[in-house]
Amino acid sequence: MSSKTGLLTAVHLTNIASTLAATRKYALGTLYLQLHPRFQDVAKSTTFSQFIASVYQSSPKVLGPDVDLRILISSLKLKEFARLDRHIDYLFYDYCLESHRDGLDIAKLYPGSREIELGTQPFSIDVAESSDASQTFNNVVLGGTFDRIHAGHKVLLSQAALLAKERLVIGVTDENMIKSKKLWELIQPTERRIEDVRAFLEDVDRTLKHEVVPISDPFGPTATDPNMDLIVVSTETSRGGAKVNELRAKNGLNQLQVHTIGLLDDELTVEDKEDKISSSNQRMDLLGTRLKPREVKPHLSPKPYIIGLVGGVAAGKSKMADRFAKLGAGVIDCDKIAHELYQPGEDCYQTVINNFGLNILNDDKSINRKALGEIVFSNPDKLDLLNTILWDAILERARLRIKDLYEKQNKQIIIMEAAVLLRAGWQTACHEVWSCIIPREEAIKRLKERNGLTEEEAEKRINAQVSNTDLVKHSDIVFCTAWSYEYSQTQAEKVWANLVEELKLKL
């Protein structure tokens, strides 16, 4: 993301979309929008709330999804221009500067900033017909996950700030409350989400006391804090406001007024994603993108570029590997190598029989992997023993295959598909690790349908593997195949194109 920052002072609200769009050529990372302080009469109005919602909703489409837009409230409440504690590269105006120079020159607040007129109209303030002031409250509270602050969060937080006179309390759900969320494994740590909320509020409205706290239940401080007046909820969580008041009544506390804010439609949504602006959609956008900077591995030759593809059972690893094979990657299936090592004549074959007995053999003397699986997946010690026998042999043969794919077929990117990659420590043999995750319930369903396992058998398989949380923790790229074939294909094509460009390869 660009580090350049702009501050736009606007007076012509009817043209705000075109004005915002005019900033795109400056490649901003952050754009602050302040209405001229003469808008003070509508600072707390319903009209201004609607304006905020409308601008935030359209901003991803108008500005692009990577620009962090922040609409400033302090300048209206304090009747003065914003004083931001950061360097501003550009000072934008939607009016001709010659037509109006404020007594307090904005440029003096931000020395070194470049002034740019985005509009040629003279200074004149657009005031909506309806500007009836909304009722305000001393203490306002709201809660949420607030994962990667998006337009919907900004509307919720901004409208709560408009309704508050003294204190704004924000409850941020901790790790105990996120497990039901889509792709919850990609949700940022609680501390990071709290800091992002606090930073946003301190940017947009410094007139309030902000209390941003973690919550481990749906009620948080609303259950015990007597100094609360209003709770802000979305239409999606409106029942929560009633539940809060039920609990406060039991605890002998005052009833909170409830203010409901509508959800924002996502103007950039596609099939498989929600129609509303949501953190779930943002997490889906992270699939197939780099989650951490590409790390140089000095102990590995730069060519071929080796990617370890890992994932839980039934997570769609093999289908994802097939996609990369069609895109031009060499693919090694370590599970198939394990099959080979189970065959008579292989060194591992006799070692496995010596440790697990003749009962694991088929009539043709080949190893019955289902029978072996029933033994090892029911006994962690037996599973560790089998892994000790196989892992070194699998990696050694995989390295021979990698050499052949590179030298004989000129495969410059090679995918090593291996469910046990992290447990075996093979990530040191890879330039990076990609993973496939799937919700636990979906994995159980697929195992029952595909392998004919019972619910109990499927759960044993899943419990014996690396968790999705650990997969994400150790992965550079994450995929999820829980949606359509086309959406999984999009993830593969996105990461492949980016990697080829990063490595400057000609395939």
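The values are calculated or read from the model by the stated rules, or taken from the named source; none is laboratory data. Please read these numbers as outputs of a predicted model, since none were measured by experiment. In this analysis, Cβ positions are derived from the backbone assuming ideal geometry, glycine residues included, and neighbour counts consider all displayed protein chains. Note: areas computed on protein heavy atoms with side chains; ligands, DNA, RNA excluded. Shrake-Rupley method; radii C 1.70, N 1.55, O 1.52, S 1.80 Å.
Listed values, structure above:
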| read-out | value |
| --- | --- |
| Criterion violated by G316 - all others in (1) under 18 Å from E374 (Cα atoms); (2) open to solvent by less than 70 Å² (accessible area, probe 1.4 Å); (3) not polar (S, T, N, Q) satisfied | (1) |
| Residue list for the stretch 26-36, filter: closer than 20 Å to H150 by Cβ, surrounded by fewer than 21 Cβ atoms within 10 Å (Cβ to Cβ) and not β-branched (V, I, T) | G29 |
| Residue within the stretch 432-455 that is on the phi < 0 side of the Ramachandran plot and in contact with a Pro (Cβ under 9 Å, 6 or more places away or on another chain) present | no |
| Of all residues making up the stretch 1-35, the number that are more than 17 Å from V204 (Cβ to Cβ) and among the hydroxyl-bearing types (S, T, Y) | 7 |
| Answer residue from the stretch 124-155, given it is over 23 Å from D229 (Cα atoms) and charged (D, E, K, R) and is modelled with the lowest pLDDT among those | E129 |
| Any hit, the stretch 379-402, residues being open to solvent by less than 70 Å² (accessible area, probe 1.4 Å), closer than 27 Å to N362 by Cα and not in a helix (DSSP H, G or I) | yes |
| Of the criteria (1) part of a loop (DSSP other than H, G, I, E, B); (2) surrounded by 17 or more Cβ atoms within 10 Å (Cβ to Cβ); (3) more than 27 Å from the chain's Cα centre (by Cα); (4) modelled with pLDDT of 90 or more, which one H87 fails | (2) |
| The one condition in (1) part of a helix (DSSP H, G or I); (2) closer than 22 Å to A315 by Cα; (3) in contact with a Lys or Arg (Cβ under 8 Å, 6 or more places away or on another chain) that A419 fails to fulfil | (1) |
| Residue in the stretch 271-285 that is in contact (Cβ under 8 Å) with a residue 40 or more places away in the chain, more than 22 Å from E432 (Cβ to Cβ) and of a type in the set (D, E) present | yes |
| So A199, is it of a type in the set (A, V, I, L, M, F, W, C), without any contact (Cβ under 8 Å) to a residue 40 or more places away in the chain and out of contact with any helix residue (DSSP H, G or I) (no Cβ under 6 Å at 6 or more places or on another chain) | yes |
| Residue among A249, A223 that is without any contact (Cβ under 8 Å) to a residue 40 or more places away in the chain and open to solvent by less than 30 Å² (accessible area, probe 1.4 Å) | A223 |
| Single unsatisfied condition, I307 versus (1) open to solvent by less than 30 Å² (accessible area, probe 1.4 Å); (2) modelled with pLDDT under 95; (3) among the β-branched types (V, I, T) | (2) |
| Residue satisfying all of: in the stretch 169-197; open to solvent by less than 70 Å² (accessible area, probe 1.4 Å) and farther than 25 Å from I438 by Cα; nearest to the chain's Cα centre (by Cα) among these | D196 |
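Each row is one residue, and each column tells you yes or no for (1) open to solvent by 20 Å² or more (accessible area, probe 1.4 Å); (2) without any contact (Cβ under 8 Å) to a residue 40 or more places away in the chain; (3) farther than 23 Å from D335 by Cα.
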site	(1), (2), (3)
I413	no, no, no
C430	no, no, no
K445	yes, yes, no
R461	yes, no, no
H474	yes, no, no
A482	yes, no, no
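Table: residues versus (1) out of contact with any Cys (no Cβ under 7 Å at 6 or more places or on another chain); (2) without any contact (Cβ under 8 Å) to a residue 40 or more places away in the chain; (3) farther than 20 Å from A164 by Cβ; (4) open to solvent by less than 50 Å² (accessible area, probe 1.4 Å).
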{"residue": "S3", "(1), (2), (3), (4)": "yes, yes, yes, no"}
{"residue": "V11", "(1), (2), (3), (4)": "yes, no, yes, yes"}
{"residue": "L20", "(1), (2), (3), (4)": "yes, no, yes, yes"}
{"residue": "R24", "(1), (2), (3), (4)": "yes, no, yes, no"}
{"residue": "S59", "(1), (2), (3), (4)": "yes, no, yes, yes"}
